[in-house]
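Below is one structure, written out as structure tokens, with a few remarks after it.
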Amino acid sequence: MVSRHNLTTGATLINEKWLLTTAKNLFLNHTADAKAKDIAPTLKLYVGKNQLVQIEKVVLHPNYSTIDIGLIKLKHKVPVNERVMPICLPSKDYAEVGRVGYVSGWGRNSNFRFTEHLKYVMLPVAAQDKCVKHYEGSTQPEKKEQKSPVGVQPVLNEHTFCVGMSKYQEDTCYGDAGSAFVVHDQDEDTWYAAGILSFDKSCAVAEYGVYVKVPSILDWVQKTIADN
């Protein structure tokens, strides 16, 4: 997805006409009081690298300041094939410490340039308390302070989980937000989006990326799609 003023961001296809992304992605280069109907025409969305698709509307989560999520509805169905297919949304929480998932995106690479090719990386779910201490200094509310090594604070709450770096110190970076943390349920032989990347500013400088838990938003997603 390309936001206003040509910033590359991510979005995740969840059926033939809808995608999940972050509210922050939708608000890029807009004022904080921008309305969804004004944001939609400023976005350009590509399936893969070159297939431009038309956006009908965007819908922001009602609590988007704490649950960094929005939905994008397309005007036409995306042709689904072996190269383009939606990801399933889980009702159960797959964000267990140590579980490994895949994240793919068009964000900045180790040279801090936007990638020419879709990249992916395998990353482990991290302990939430370590992540909170890393960014906020303490898990006790009265002792919290802004501690982010990258100068930007992630939103951390009961609707988020944290993911560490790979053993090769690989990480997500600017432009990857909106991408899914994808896990394989071997019992069901199904791939699920366990989370949507919200905080993509870690870039192997801070230790953790932060994701919105999909089970936390599943009811809202299903109701929004049904109502629209």
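No lab work stands behind these numbers, since they all come straight from the coordinates. Keep in mind it's a predicted model, so treat the numbers as computed, not measured. Positions of Cβ are backbone-derived with ideal geometry, glycine not excepted, and every protein chain shown enters the neighbour counts.
Extending each Cα 7 Å along its Cβ direction at residue 223 and residue 204, get the distance between those two points in nm, one decimal.
About 4.3 nm, to one decimal.
Determine the calculated [θ] at 222 nm for the chain from helices alone, applying -39500 (n - 2.57) to every DSSP H run no shorter than 4 residues and normalising by the residue count; nearest 500 deg cm²/dmol. The partial results should precede the final answer.
Numbers: 4 runs with 32 residues, N = 228.
Taken over the chain, the calculation gives -4000 deg cm²/dmol.
Could you list the GluC sites (Glu not before Pro) in region 1-82 that lie in coil according to DSSP, counting only those with at most 11 other Cβ atoms within 10 Å of their Cβ?
Details: sites: 16, 56, 82; in loops: 16, 82.
Here the GluC sites (Glu not before Pro) that fit, given the DSSP loop and packing criteria, are 82.
Along the charge dipole of region 146-212, which of 146, 180, 169 sits closest to the positive end, that is, farthest toward it, with unit charges on the beta carbon of Lys, Arg, Asp and Glu (+1, +1, -1, -1)?
Checking the options against the dipole of region 146-212, the answer is 146.
GluC sites (Glu not before Pro) within region 151-228: which are DSSP loop residues with at most 14 other Cβ atoms inside 10 Å?
Values: sites: 158, 170, 188, 207; in loops: 158, 170, 188, 207.
In loop regions of region 151-228 (DSSP not H, G, I, E or B), the sparsely surrounded GluC sites (Glu not before Pro) are 158, 188.
Lys/Arg Cβ at +1, Asp/Glu Cβ at -1, dipole of region 40-90 taken about the Cα centre: which of 86, 58, 74 is farthest positive-ward?
Result: 74.
Mind telling me which of 122, 165, 85 comes out most flexible in a GNM of the chain, alpha-carbon contacts under 10 Å?
85
Go through 130/201; 24/213; 24/143 and tell me which ones have a Cα-Cα distance over 23 Å in this structure.
Working: 130/201 17 Å; 24/213 16 Å; 24/143 27 Å.
24/143, as the Cα separations exceed 23 Å there.
What does the charge dipole of the chain about its Cα centre add up to, to the nearest 20 debye, if the Cβ of each Lys and Arg holds +1 and the Cβ of each Asp and Glu holds -1? Display every interim value, and only then the final one.
Details: 26 positive and 25 negative charges, 161 e Å.
The calculated dipole for the chain is roughly 780 debye.
For each cysteine in the chain, check whether another cysteine's C-beta sits under 4.7 Å from its C-beta; list those where none does.
88
May I ask for the percentage of alpha-carbon pairs in region 1-64 that lie more than 19 Å from each other? Could the numbers behind the result be given before it?
Details: 469 of 2016 pairs.
Taking all Cα-Cα pairs of region 1-64, the fraction more than 19 Å apart is 23 percent.
Using 0.36 nm per residue, how much length does the chain from residue 50 to residue 168 gain when fully extended, once their Cα-Cα distance is taken away?
Working: separation 118, 0.36 × 118 = 42.48 nm, distance 3.05 nm.
Going from the current span to full extension adds 39.4 nm.
For the chain, state the average projected area of the convex hull of the C-alpha atoms over all orientations, rounded to one decimal in nm².
Details: hull surface 50.2 nm².
The number I arrive at for the chain is 12.5 nm².
Could you state the number of Å between the C-alpha centres of region 213-228 and region 92-158?
23
Mean-square fluctuation check for the chain, GNM, Cα pairs under 10 Å: which of 103, 152, 182 is largest?
Top of the fluctuation ranking is 152.
Apply the Karplus curve 6.51 cos²θ - 1.76 cosθ + 1.60, θ = phi - 60°, to the phi angles in region 2-12 and return the couplings in whole Hz, x for Gly and Pro.
10, 8, 3, 6, 6, 8, 6, 9, x, 8, 10
Report relative contact order for region 139-228 in percent, whole number only (criteria: Cα-Cα under 8 Å, sequence separation at least 6).
Numbers: 130 pairs, mean separation 27.5, N = 90.
Over region 139-228, the number comes to 31 percent.
Between the DSSP loop rule and a limit of at most 10 other Cβ atoms within 10 Å, which chymotrypsin sites (Phe, Trp or Tyr not before Pro) in region 137-202 are left? Write out the running numbers ahead of the final one.
Details: sites: 161, 168, 174, 181, 191, 192, 199; in loops: 168, 174.
The qualifying sites are 168.
Compute the orientation-averaged projected area for region 22-93 from the convex hull of its Cα atoms and round it to one decimal in nm². Each step should come with its number before you reach the end.
Numbers: hull surface 24.9 nm².
With every direction weighted equally, the projected area is 6.2 nm².
Could you state the angle between the C-alpha long axis of helix 214-227 and the longest principal axis of the C-alpha atoms of the chain, as a value from 0 to 90 degrees rounded to the nearest 10?
So the inclination is approximately 20 degrees.
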